[in-house]
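The values are calculated or read from the model by the stated rules, or taken from the named source; none is laboratory data. It should be emphasised that the depicted structure is a prediction, and the values quoted were computed from it without experimental measurement. Neighbour counts run over all protein chains shown; Cβ positions are idealised from the backbone, glycine included. In case anyone asks, the SASA skips ligands and DNA or RNA and just uses the protein heavy atoms, side chains included. Shrake-Rupley method; radii C 1.70, N 1.55, O 1.52, S 1.80 Å.
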Amino acid sequence: MYRARLFAIRHAAAFEWIYQRLERLMIACDPVFARIGYERVERPIALVERGVKGVLFDCKMCGQCVLSSTGMSCPMNCPKELRNGPCGGVRPGGYCEVKPWMRCVWALAWDGSSRMKGGDKIREVLPPVDRSLKGSSSWLRVSREKAARLREAREAARTTIAQAFPGARANEPAVAPLATEPASAVNREQRQ
Ligand code: SF4
C-alpha cells in the first residue's frame, strides 16, 4: 500500500484530473440520487470509495477528504494525524519521526501539490477533523453540497430576472418591451 501511495503522489496531476471528472459526474447524478434517496446511496458509494481510495491512498475514510489540497497524500496516514503541515520532528531526507521507514506525509504532500494545477490549495488552513463523519462518503457529501449550491444559484438567477423585468417595464418601457406576438401564435379564428 505504501508503494501505491508513492505512485499516487508521483501521478497527483492525473488523479486530480480524474477526481474532477468524477465530481462532475456525481453532481450530474444529483437528481437521480435525490430521487432514490441520498441515505440509500450512501452505503454503496462509501463502499466503492473505501475500496478505491484504500488501495490508492491508504484512505482511513475520515469523511472529509482533503487529497485535493494535500497533493494526493492522505494526512490521516500521519501517525499524529496532523492536517496542517508537518510536526517539528521530520527526520533528514523528509522521513517520519514516529515511523522512520516512511516519508513524512507532509513532505509527500508538498511534492504531490507541486505537480497539481490546484497545488496552491496546500497553503490553505484546513479545519479540524469532524469525527462524526468518519466512515461516510466524502465523494457523496461534497458533490451533494456543490449540487445544492448550483441549484440555489440557478434559482437566484431566475428570480432576479423575473423580478427585474416588471420593474424595468414600469420605469422605462423601452428598455424591456413586451415581445410582439408571433403570427403563428395568433388564434386562427381571429385571423379569419
Ligand atoms: S483525507 Fe480522509 S477521506 Fe481522504 S484519503 Fe485521507 S482518510 Fe480518506
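Summary table
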| read-out | value |
| --- | --- |
| Per residue accessible area of the stretch 2-146, 1.4 Å probe, in Å² | 57 |
| Ranking by accessible area, most exposed first, for I36, I27 with a 1.4 Å probe | I36, I27 |
| Cα Rg over Rh - the stretch 1-76, Kirkwood | 1.00 |
| Carbon and sulfur %, accessible surface of the chain computed with the full protein complex present, 1.4 Å | 59 |
| Whole-Hz ³J(HN,Hα) from phi, Karplus 6.51 cos²θ - 1.76 cosθ + 1.60, for the stretch 2-8, glycine and proline x | 4, 4, 4, 4, 5, 4, 4 |
| Sequence-distant residues sharing a close amide H with Y95 (under 5 Å, placed H) | C104 |
| Paramagnetic reach from Y19 (point 7 Å along Cα→Cβ, amide N under 13 Å) across the stretch 94-109 | 109 |
| At q = 0.11, 0.14 Å⁻¹, base-10 log of I(q)/I(0) for the chain (Debye sum, equal scatterers on each alpha carbon) | -0.63, -0.85 |
| GNM flexibility winner over the chain from M102, M72, M116 (Cα, springs under 10 Å) | M102 |
| Using alpha-carbon coordinates, inclination of helix 38-57 to the longest axis of the chain, degrees | 40 |
| Positive-end residue of T70, V55, V98, charge dipole of the stretch 1-104 with Cβ unit charges | V98 |
| Translational diffusion coefficient (Stokes-Einstein; Kirkwood radius from C-alpha pairs) of the stretch 75-133 at 10 °C, 1.306 mPa s, in µm²/s | 129 |
| Angle in degrees between helix 138-171 and the longest Cα principal axis of the chain, rounded to the nearest 10 | 30 |
| Debye, to nearest 20: dipole size of the stretch 2-146, +1 on Lys, Arg Cβ, -1 on Asp, Glu Cβ | 240 |
